[in-house]
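Here's the structure we're looking at; comments come further down.
Derivation of every value follows stated rules applied to the coordinates shown; laboratory data play no part. Computed from a predicted structure; not experimentally measured. Neighbour counts run over all protein chains shown; Cβ positions are idealised from the backbone, glycine included.
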């Protein structure tokens, strides 16, 4: 099953990467005007599609990274952040007549994302000023 999911994900990425090439080819070899118009539409749509994918992907990585940090700190014996987020999520959901599960999830995801963003902002200068120069130094000596 994991191999099938991996193949589907990599296949989807390959299609996205090549979509503008497919569109360009359709504009060049399409026998019908509708085919050529569809190709032009693909070429014109790709910048917006890639912007949406990059925005959603960035948000997802912040969310997942924050969630990993929250759960990791909890598992290391410091449950305060996890417990606080869980409490706020339950508090937000308790005032809802419907969709309580969604609200609890949304509050948790948003707060995990904020934590992921915070850690990212802390780590970016550390990597840029500390780790990257060390890597360059080590690789330039090889």
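Listing for the model above:
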item	result
Spin-label model distance (nm) - residue 71 vs residue 33, 7 Å beyond Cα toward Cβ	5.5
Relative contact order (percent, whole number), segment 68-142, Cα cutoff 8 Å, 6+ residue spacing	23
Percent RCO, i.e. relative contact order, over the chain, from Cα pairs under 8 Å lying at least 6 residues apart	20
Segment 1-31 versus segment 101-139: alpha-carbon centroid distance in Å	31
Among 22, 70, 56: highest mean-square fluctuation, GNM of the chain, C-alpha pairs under 10 Å	22
Hydrodynamic radius by Kirkwood, which averages 1/r over all alpha carbon pairs of the chain, in angstrom	19.4
The chain: angle of helix 100-126 to the longest principal axis, Cα-based, in degrees nearest 10	90
Residue order, fewest to most beta carbons within 10 Å, for 67, 140	140, 67
Computed Kirkwood radius, in angstrom, where 1/r is averaged over Cα pairs of segment 1-85	16.2
Helix 33-75 vs. the chain, principal-axis angle (Cα, 0 to 90°, nearest 10)	20
